[in-house]
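See below for the structure under consideration.
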Amino acid sequence: MFTGIVRERGVVTEAPEATPDGGRLVLELSRALAGELELGASLSVSGVCLTVVELDEESCAVDLSPETLDRTTLGELEIGREVNLEPALRVGDRLGGHLVQGHVDTVVELVAVVEKGENREMAFRLPPELERWVVEKGSVALDGISLTVARLEKDRFWVAVIPHTLEVTNLGSLAPGVRLNLEVDLVAKYVESLLVPWTGVKGEE
């Protein structure tokens with residue numbers, strides 16, 4: 001479990017080469033973050049919950065399953081690309097963002113960027129099948145970043161990004177056309193599931 005509060009940006013030093021068994025991703029990271037990890041630990045890599053399989057003082061490796069390569073952007077990474085990193089939430093840690101599983105629902109395209117002084121507004125394409133789980137002032141995780149939905153339009157949603165987030169995460173370097181991993185609010189999914197016995201209606205119907 002994660003919070004969507006990115007700890008730092010890692011750098012891809014070995015990009016995954018897709019095979020029938022998946023692929024492996026090697027990342028450069030800070031000594032401080034590496035010191036918090038151990039073999040078998042969970043690490044959010046641009047919003048995807050992965051397991052650390054190799055670790056040294058300034059790098060780690062994670063394996064990617066075929067499912068991960070199919071459903072996320074991690075298979076598109078190249079050497080030198082930056083990714084958002086967050087270690088798993090520990091009992092007693094502050095929940096500064098919202099509950100994030102690291103289970104990506106889909107990949108969405110950045111379609112517009114508007115500068116607002118030092119801040120930035122960014123619009124992302126919203127697939128129809130996820131519309132019911134995205135609400136104004138609700139939470140989403142984009143590439144592992146906990147963000148608030150500023151407003152909704154017909155086929156897209158907007159988020160407002162402050163300077164600190166632009167500096168700490170990869171959002172500051174993105175332009176329209178790039179694809180990001182989206183995880184909708186876990187609570188929304190559970191609420192819908194709990195209501196089905198009374199409503200008799202599933203969101204997909």
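The values are calculated or read from the model by the stated rules, or taken from the named source; none is laboratory data. Please read all numbers here as calculations on a predicted model, not as lab measurements. Backbone-built Cβ (ideal geometry, glycine too); neighbour counts: all protein chains shown. Side chains included, ligands, DNA and RNA excluded: accessible areas come from the protein's heavy atoms. Shrake-Rupley method; radii C 1.70, N 1.55, O 1.52, S 1.80 Å.
Values computed for the structure shown
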{"item": "Answer from Leu33, Leu27, Leu39 - the residue that is in contact (Cβ under 8 Å) with a residue 12 or more places away in the chain and part of a strand (DSSP E or B)", "result": "Leu27"}
{"item": "Subset of region 59-74 (residues that are closer than 17 Å to Leu43 by Cα and surrounded by 14 or more Cβ atoms within 10 Å (Cβ to Cβ))", "result": "Ser59, Cys60, Ala61, Val62, Asp63, Leu64, Thr68, Leu69, Thr72, Thr73, Leu74"}
{"item": "Strands (runs of 3 or more DSSP E) (entirely within region 76-126) containing at least 1 residues that are more than 19 Å from Val168 (Cβ to Cβ) and either among the charged types (D, E, K, R) or open to solvent by 40 Å² or more (accessible area, probe 1.4 Å) (or both)", "result": "106-116, 119-125"}
{"item": "Of residues in region 177-205 being under 28 Å from Ala112 (Cβ atoms) and among the charged types (D, E, K, R), the one modelled with the lowest pLDDT", "result": "Lys189"}
{"item": "Members of region 127-146 that are among the aliphatic types (A, V, I, L, M) and either open to solvent by 60 Å² or more (accessible area, probe 1.4 Å) or at positive phi (or both)", "result": "Val135"}
{"item": "In region 153-182, the residues that are free of Cβ contacts under 8 Å to residues at least 60 places away in the same chain, outside any helix (DSSP H, G or I), surrounded by fewer than 16 Cβ atoms within 10 Å (Cβ to Cβ) and not charged (D, E, K, R)", "result": "Ile162"}
{"item": "Unique match (being closer than 28 Å to Val12 by Cα, under 14 Å from the mean Cα position of the chain (by Cα), of a type in the set (Val, Ile, Thr) and at pLDDT 95 or above) among Val161, Val108", "result": "Val108"}
{"item": "Region 84-98, residues that are in contact (Cβ under 8 Å) with a residue 24 or more places away in the chain, within 18 Å of Leu50 (Cβ to Cβ) and either in contact with a helix residue (DSSP H, G or I) (Cβ under 7 Å, 6 or more places away or on another chain) or charged (D, E, K, R) (or both)", "result": "Asn84, Leu85, Glu86, Pro87"}
